[in-house]
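Asks: Questions regarding the structure given below will be posed in turn.
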């Protein structure tokens with residue numbers, strides 16, 4: 001029986017795309033679209049915020065050493081590393097070099113001919129407010145765990161896996177930030193290289209990321225840089 005799913009585009013990122021320096025990968029992923037198939041729907045979101053991590057710095061999971069749970073961090077670029085943060089699922093992609101990776105910090109719902117209004121409606125059902133009311137669309141993926149919840153991504157299913165064009169992939173849809181904000185990562189404990197400016201935000205979507213780097217009180221050249 002023919003599938004009712006739209007034909008997949010040829011613009012899914014190959015594994016080799018991820019085999020690059022973590023900071024470069026973090027910047028290059030901005031504007032790309034994550035697509036996850038759930039039943040007969042493709043749930044999709046445009047990446048607007050990323051964080052780079054290296055084995056050599058104290059903010060990374062890899063700095064704590066190799067374990068079976070962390071093995072995806074030490075595999076070739078393009079492996080999926082998922083873990084639990086604050087009770088929710090988090091999505092990372094391994095980069096060039098053992099222990100280096102990019103955390104997908106937040107995204108923005110993406111609607112097109114592949115992922116239509118029915119897909120967006122499913123994402124809204126997946127990730128309501130705590131009281132059960134619909135979460136505002138622009139805040140649906142505004143955080144690493146909110147993103148995974150909206151897209152239906154789960155640690156047991158995808159950790160240490162490769163991308164699968166029938167189920168989960170990242171696509172270049174021809175969107176790119178006109179400007180990128182570089183700033184410090186979020187949630188890094190004191191003394192664990194919290195000063196490193198390894199967070200990258202699509203400036204056009206800054207109000208919808210985990211924490212707006214352009215909020216009142218932030219000073220360019222001190223708290224963030226525009227690149």
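The values are calculated or read from the model by the stated rules, or taken from the named source; none is laboratory data. Bear in mind that the values here come from a model prediction, so they are computed numbers and not experimental data. No Cβ is skipped: glycine too gets one built from the backbone with ideal geometry, and neighbour counts run over all protein chains shown.
Asks: When region 80-98 is examined, which residues are found to be part of a loop (DSSP other than H, G, I, E, B) and either surrounded by 22 or more Cβ atoms within 10 Å (Cβ to Cβ) or without any contact (Cβ under 8 Å) to a residue 24 or more places away in the chain (or both)?
Replies: 95
Asks: Yes or no: residue 140 under 17 Å from the mean Cα position of the chain (by Cα) and within 21 Å of residue 79 (Cα to Cα)?
Replies: no
Asks: Another one. For residues in region 1-50 being loosely packed, with under 15 Cβ neighbours inside 10 Å and in a helix (DSSP H, G or I), which is modelled with the highest pLDDT?
Replies: Per the stated criteria, the residue is 24.
Asks: Still on this structure, I have one more. Just checking: which of the helices (runs of 4 or more DSSP H) contained wholly in region 117-227 hold 2 or more residues that are buried (at least 19 other Cβ atoms within 10 Å of the Cβ) and in contact with a strand residue (DSSP E or B) (Cβ under 8 Å, 6 or more places away or on another chain)?
Replies: In region 117-227, 117-126, 144-151 are the helices (runs of 4 or more DSSP H) which contain 2 or more residues that are buried (at least 19 other Cβ atoms within 10 Å of the Cβ) and in contact with a strand residue (DSSP E or B) (Cβ under 8 Å, 6 or more places away or on another chain).
The rows are residues; the columns are (1) closer than 26 Å to residue 67 by Cα; (2) more than 14 Å from the chain's Cα centre (by Cα).
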| site | (1), (2) |
| --- | --- |
| 123 | no, yes |
| 127 | no, yes |
| 149 | yes, no |
| 153 | yes, no |
| 170 | no, no |
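Asks: Sort through 53, 108 and tell me the only one that's closer than 21 Å to residue 169 by Cβ, crowded, with 21+ Cβ neighbours inside 10 Å and under 15 Å from the mean Cα position of the chain (by Cα).
Replies: Result of the check over 53, 108: 108.
Asks: Right, residue 107: in a loop (DSSP other than H, G, I, E, B) and either touching a residue at least 24 places away in the same chain (Cβ under 8 Å) or within 30 Å of residue 214 (Cα to Cα) (or both) or not?
Replies: For residue 107, the condition - in a loop (DSSP other than H, G, I, E, B) and either touching a residue at least 24 places away in the same chain (Cβ under 8 Å) or within 30 Å of residue 214 (Cα to Cα) (or both) - is not met.
Asks: Here's something else I'd like to know. Residues of region 175-196 being over 17 Å from the mean Cα position of the chain (by Cα) and at pLDDT 95 or above, which ones?
Replies: Across region 175-196, the qualifying residues are 178, 179.
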